[in-house]
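The values are calculated or read from the model by the stated rules, or taken from the named source; none is laboratory data. Note that this is a predicted model, so its numbers are computed, not measured. Reconstructed Cβ throughout: ideal geometry from the backbone, glycine too, with neighbour counts over all protein chains shown.
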Amino acid sequence: MQILLSLFYYFYFSVVGIYIIFIPKVLSEVGYSGVAIGVLLGASPLVRFILPFLFMRGLQLDSRIFNYALVIMSISALLFYLSIEHFYLLLLSNIFLGVGLGLVLPYIEFIALDVVGRERYGKIRLFGSIGFIVIALILAKFMGESRNALYYLLALTQVTAVIAFFVVKKIGKEEQRDVKSLQNDIELLKDYKLWGGLILMQMSFGSFYNFFTIVATENGVSLDMTVYLWSFGVLFEIGMFFMQAKLLRKNLLKLLEFTILLTAFRWFLVYAFISHVEVLFFAQSLHALSFALFHSAAISYLHSYYKNKTLAQQFFSGITYGLGGLSGALIAGYIYEYFREYLFLSSSFMALGAFIFIVLWEREKRLGIAQVA
């Protein structure tokens, strides 16, 4: 089972690597504008934003819906390939691909945690980062014709679907635990400072995930070197996953503030030194903090703060990566189109806004504790 789970993560995040690193370049060369690319790549985060609300209304992610999601994921990858030059068909393909990917991963995550436990989960999840790096390095050698990325996206999505099917089949019904429904204690409006900070943090990544490859190559950085930059960041991400256990025992809100502030600094470096490869490598090393440590600290804090821990994590995925990713993609597309030189400076300001929100949230919680005492 551990081998199957490792293979799933490897191929799933290989697909994510293709989508993030190479598809923006493909869309740009096909002739789509920056705004159009932002809309297309924002479709998947939009779906991730909507899905948690369906679960809150009683929808259950069981093996039946999971199998439907595998079919949707496979068909949408094929439609993505066939509709690359037709905006609205491509948009529809992105939406359905987002549905498939957004449902498959949470279910496999549940199985992984249930079967191998939290202690060994990290070593299995690590194969996802390895898959991300490997596909980046391999595909960079075949991007003389940019549409080659579409072949890889199609093929690896099918492989991911097959492996995911056998993971669920192997686990068997007797191994699947019933998840008791808990009362929803998540109040987004009441806790707007917390969620506002998390959303703004992810919004700041819109420029990076959707336009870093385009902007770097436009400023004289070769595509091969850009791929090395992506891979360098993921290597630091892997290192942080190994080292972060002791850090997560500290004040989680302070940890969030620290990682968000460094993220603002990271985007400023990219803005100011976009053509300086050495500085870009240093900025990428901060991915260990701005992604890996931030993600773990945020998940850990939500897990400890809310009673309905499963729903809290679904909302983290949907609200933060969904709404934040969608908004970040749309804003980045607009800024790239009309104020291109300020693209990563805007990301830096978004991260600073996230920092302010989390500081205000921490102050509110601290004052609340003091009043109770």
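A few notes on this one:
- Within the range 347-356, one or more residues are modelled with pLDDT of 95 or more and of a type in the set (S, T, N, Q).
- Within the range 303-327, the residues that satisfy the criterion of being more than 17 Å from F53 (Cβ to Cβ), part of a helix (DSSP H, G or I) and either within 13 Å of the chain's Cα centre (by Cα) or not small (G, A, S) (or both) are H303, Y305, K309.
- Restricting I37, I84, I65, I75 to residues that are part of a loop (DSSP other than H, G, I, E, B) and among the β-branched types (V, I, T) narrows the list to I84.
- Any hit, the range 80-89, residues being buried (at least 22 other Cβ atoms within 10 Å of the Cβ), in contact with a Leu (Cβ under 8 Å, 6 or more places away or on another chain) and at pLDDT below 80: no
- Taking the numbered list (1) modelled with pLDDT under 90; (2) over 28 Å from K190 (Cβ atoms); (3) crowded, with 24+ Cβ neighbours inside 10 Å in turn, A292 passes all entries but (3).
- Qualifying residue in the range 218-231 (condition: without any contact (Cβ under 8 Å) to a residue 40 or more places away in the chain, buried (at least 16 other Cβ atoms within 10 Å of the Cβ), in contact with a Phe, Trp or Tyr (Cβ under 7 Å, 6 or more places away or on another chain) and assigned by TED's automatic domain parsing to the domain that holds S348): no
- Scanning the range 1-51 for residues that are among the small types (G, A, S) and more than 15 Å from the chain's Cα centre (by Cα) yields S6, S28, G31, S33, G34, A36, G38.
The rows are residues; the columns are (1) free of Cβ contacts under 8 Å to residues at least 12 places away in the same chain; (2) β-branched (V, I, T); (3) out of contact with any Ser or Thr (no Cβ under 6 Å at 6 or more places or on another chain); (4) surrounded by 20 or more Cβ atoms within 10 Å (Cβ to Cβ).
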{"site": "V16", "(1), (2), (3), (4)": "no, yes, yes, no"}
{"site": "Y19", "(1), (2), (3), (4)": "no, no, yes, yes"}
{"site": "L41", "(1), (2), (3), (4)": "no, no, yes, yes"}
{"site": "V47", "(1), (2), (3), (4)": "no, yes, yes, yes"}
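- Only listed residue being part of a helix (DSSP H, G or I) and in contact with a Gly (Cβ under 8 Å, 6 or more places away or on another chain), chosen from A298, A332, A351, A264: A332
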